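Here's the structure, in structure tokens; my notes come after.
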């Protein structure tokens, strides 16, 4: 069984372990996901499954995507995502994958898009320390010098400066699954996962070893 699903971040809460300790968890609706395309080594050069999640009205789907998703015969999806697999035998178009693909105690990586916080200065964006606020100082929240001892002088690429904060793809590694509730297609994942409430996340079995 493929160890990857598309989900939706619902909320954060806490559950209690057997010893009475409180465990912070994120509630994620994991699936149901429908297989919309099967890629094989013979046809595509690699093995992968494309999954669809969520529903979309036909008027909001382009004609090429309609023809693509009609092959599965399960309606139209708002999110499509491809996951690599070792082999594609045993899978078929239109097959549904549910939250029971994962087990309690497994470790997963969760991929999402962080909250966008707009244009931010260097103090908020990078945690710079502000300058003195008295004695006529004009460098209270300024970034300071951005130059260097080069000729001609220039700002080095990657310099920490003001700019867009957040709204970037984030991967959080090695999170433990505390509980699986297949009747509701819900996973309880220990700790926080990236993204805002109701945002789309991708869940995959981790390859990281601690």
Spin-label model distance (nm) - residue 126 vs residue 57, 7 Å beyond Cα toward Cβ:
4.6
Give me the distance in nm between label points sitting 7 Å out from Cα along the Cα-to-Cβ direction at residue 138 and residue 160, one decimal.
2.6
Can you tell which of 114, 90, 136 shows the greatest fluctuation in a Gaussian network model of the chain with Cα springs below 10 Å?
136
Top mean-square fluctuation among 87, 42, 183, Gaussian network model of the chain, C-alpha springs under 10 Å?
42
Per the Kirkwood treatment, what hydrodynamic radius in Å, one decimal, follows for the range 71-192 from the mean inverse distance over all distinct Cα pairs?
20.0
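Can you give the Rg to Rh ratio for the range 61-101, taking only C-alpha atoms and Rh from Kirkwood?
A ratio of 0.99.
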Fewest first, what order do 44, 179, 109 take by the number of other Cβ atoms within 10 Å?
44, 179, 109
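Taking N as the number of residues in the chain, what value does Rg over Cα atoms divided by 2.2 N^0.38 Å take? Mind dumping the intermediate values first?
On the way: Rg = 22.8 Å, N = 210, 2.2 N^0.38 = 16.8 Å.
Ratio of Cα Rg to 2.2 N^0.38 Å: 1.36.
When every alpha-carbon pair in the range 117-166 is counted, what percent end up more than 17 Å apart? Let's see the in-between values first.
Working: 571 of 1225 pairs.
Looking at the range 117-166, the distances longer than 17 Å represent 47 percent of pairs.
Read-outs: derived from the displayed coordinates by stated rules, not from any lab. Please read all numbers here as calculations on a predicted model, not as lab measurements. Heads up, the Cβs are rebuilt from the backbone with ideal geometry, glycines too, and the neighbour counts pull from every protein chain shown.
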